[in-house]
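Asker: Structure in structure tokens, see below.
The values are calculated or read from the model by the stated rules, or taken from the named source; none is laboratory data. Remember, predicted model here, so these are calculated numbers, not experimental data. FYI the Cβ positions are ideal-geometry reconstructions off the backbone, even for glycines, and counts take in every protein chain you see.
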Amino acid sequence: MNKTSQVYQIFWSDYQKNPAKITVALEKIQTSLVEPVAVKTHFGEPGNNNALRGKIVKPAIGWLINQNLEGFLTDTNTLYTGQRSNTKSHLETAKKHGFADLGLPIIIAKEDDFEFKLVKLPNRYQNLPIYLGKELREAKSIFCLSHVKGHPMFGFGGALKNLGMGGATPRGKRILHASTIGKIDYNRCLVCGLCTENCPTEAIKKEGGKKIVIDYEKCIGCGECVAVCPQKAIEINKEDLEICQEKTAVYAWALVKEKPSLYINYLIKINAVCDCFSSTSPKLMEDLGVLISDDPVAVDQASLDWINRKSGQDLFLEVNKINYQPILNMGEKIGLGTTKYQLQKI
Ligand code: SF4
Ligand code: SF4
């Protein structure tokens, strides 16, 4: 893809004074949403105060409602045993975090057996099974509201991850995460047990109280053990991680390839880890603002560039030591968007 995409930028101080700037940006974009619109977001794991809240996305939802388009807020259930792993507690979580007061229904997207035809993809992915949330797949357009933050397995998370991993059902998430966690380095491990306390599936355990072992049948590759280990004793299969990122880009592509879609990235409460963690990690920098586009690759690239310019370093690479390029490169390669963009301040 050779085109250059437009990305609209609102500084956080301006957004706080005048949230209607979101409307100004959205009305500059040529892409029009079609009903029913799936508003794909992340309702935030309880205990993690960095994730988006209803009041943050309210101006964007207000714009959608004013378009007189039928829509719904949505996400898929998680693989692990947190508060968003089943529909009942997921809905309660969304309500607790202020998403039930926005004037749209909330639908937790269900498992689905739809068979995607993955033509024109790199060979390795032509037969990739794709399991996306049913209501997301059936929606006629996607309005994707994403929090930008770091991630222990992806380096960072933004629109592409929100679409691809976030759009996958638990069955799809298992396919995406498969085999990313490697061995324990026993020369480093102090058997402190932090990894076992934080593992959502009880896949990592103290064997005989003395040695840490991983049950790969139970492991969902979420990376929580990697993030909490003070000794950096849990290896990641770097090659499999790249594949995981690429597969996530393919899932994102499958979700939006035939649909109009709009993206808002919120660059606030920028921290090192994912919003699925049930604790609040310290902020790495000041709140920057909001980026808006109809291109998920461009909006993510612009988010990274803004963060890196402001922090004076490749921030997420520094803190997470994970190459985040594969998801962007794959997104660009399969025509999901472009890393070339023009930034316009609103
Ligand atoms: S958190 Fe790290 S050091 Fe502690 S038990 Fe687990 S692998 Fe070992
Ligand atoms: S990646 Fe680590 S924390 Fe996550 S399921 Fe596997 S062993 Fe448990």
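Asker: Kindly evaluate E111 against the criterion of being acidic (D, E), surrounded by fewer than 17 Cβ atoms within 10 Å (Cβ to Cβ) and either assigned by TED's automatic domain parsing to the domain that holds T201 or under 16 Å from A254 (Cα atoms) (or both). Spell out the reasoning first.
Answerer: Working: acidic (D, E): yes; surrounded by fewer than 17 Cβ atoms within 10 Å (Cβ to Cβ): yes; either assigned by TED's automatic domain parsing to the domain that holds T201 or under 16 Å from A254 (Cα atoms) (or both): yes.
Spelling it out, E111 is indeed acidic (D, E), surrounded by fewer than 17 Cβ atoms within 10 Å (Cβ to Cβ) and either assigned by TED's automatic domain parsing to the domain that holds T201 or under 16 Å from A254 (Cα atoms) (or both).
Asker: Quick one: is D294 over 30 Å from N237 (Cβ atoms) and acidic (D, E)?
Answerer: Numbers: over 30 Å from N237 (Cβ atoms): yes; acidic (D, E): yes.
So D294 passes the test.
Asker: Can you work out which of the residues in region 197-240 that are farther than 22 Å from G150 by Cα and near ligand 1 (Cβ under 9 Å from one of its atoms) is surrounded by the fewest Cβ atoms within 10 Å (Cβ to Cβ)?
Answerer: K206
Asker: Just checking, how many residues over region 282-309 are of a type outside the set (V, I, T), surrounded by 19 or more Cβ atoms within 10 Å (Cβ to Cβ) and not in a helix (DSSP H, G or I)? Can you show your working first?
Answerer: At the first step, the residues of region 282-309 found to be of a type outside the set (V, I, T) are 282-289, 291, 293-296, 298, 300-306, 308-309.
Keeping just the survivors that are surrounded by 19 or more Cβ atoms within 10 Å (Cβ to Cβ) gives 288-289, 291, 293-296, 298, 300-304, 306.
This time we only want the ones that are not in a helix (DSSP H, G or I), so: 288-289, 291, 293-295.
Residues meeting the conditions: 6.
Asker: Quick check on my filter: what residues within region 190-201 are within 13 Å of ligand 2 (Cβ to nearest atom), outside any helix (DSSP H, G or I) and in contact (Cβ under 8 Å) with a residue 24 or more places away in the chain?
Answerer: C199, P200, T201 - these are the residues of region 190-201 that are within 13 Å of ligand 2 (Cβ to nearest atom), outside any helix (DSSP H, G or I) and in contact (Cβ under 8 Å) with a residue 24 or more places away in the chain.
Asker: While we're on this one: So, of the residues in region 208-222 that are at pLDDT below 90 and out of contact with any Asp or Glu (no Cβ under 9 Å at 6 or more places or on another chain), which turns out to be nearest to E242 (Cα to Cα)?
Answerer: Per the criteria, the residue is C222.
Asker: Also, quick follow-up: Can you find, within region 180-201, the residue that is nearest to I243 (Cα to Cα) among those that are within 25 Å of the chain's Cα centre (by Cα) and at pLDDT below 90?
Answerer: T180
Asker: Moving on. Residue under question is T87, and the condition is that it be in the same structural domain as F143 (by TED's automatic domain parsing), surrounded by fewer than 18 Cβ atoms within 10 Å (Cβ to Cβ) and not charged (D, E, K, R); does it hold?
Answerer: Working: in the same structural domain as F143 (by TED's automatic domain parsing): yes; surrounded by fewer than 18 Cβ atoms within 10 Å (Cβ to Cβ): yes; not charged (D, E, K, R): yes.
So T87 passes the test.
Asker: Okay, moving on. Go through L102, L128 for me and flag whichever is at negative phi and either surrounded by 21 or more Cβ atoms within 10 Å (Cβ to Cβ) or touching a strand residue (DSSP E or B) at 6+ places or on another chain (Cβ under 8 Å) (or both). Walk me through it before giving the result.
Answerer: Values: L128 fails: either surrounded by 21 or more Cβ atoms within 10 Å (Cβ to Cβ) or touching a strand residue (DSSP E or B) at 6+ places or on another chain (Cβ under 8 Å) (or both).
The unique qualifying residue is L102.
Asker: Could you say which residue among C225, C244 is modelled with pLDDT of 90 or more, within 14 Å of ligand 2 (Cβ to nearest atom), assigned to a helix (DSSP H, G or I) and over 24 Å from S141 (Cβ atoms)?
Answerer: C244
Asker: May I pose another question? Working only within region 124-164, note down all residues that are hydrophobic (A, V, I, L, M, F, W, C), at pLDDT 95 or above and either under 10 Å from L255 (Cβ atoms) or not assigned by TED's automatic domain parsing to the domain that holds V297 (or both).
Answerer: L132, L136, A139, I142, C144, L163
Asker: Quick check: anything in region 91-104 polar (S, T, N, Q) and closer than 30 Å to N48 by Cα?
Answerer: Narrowing region 91-104 to residues polar (S, T, N, Q): 93.
When the remaining residues are screened for being closer than 30 Å to N48 by Cα, the result is 93.
Yes; the residues of region 91-104 include at least one that is polar (S, T, N, Q) and closer than 30 Å to N48 by Cα.
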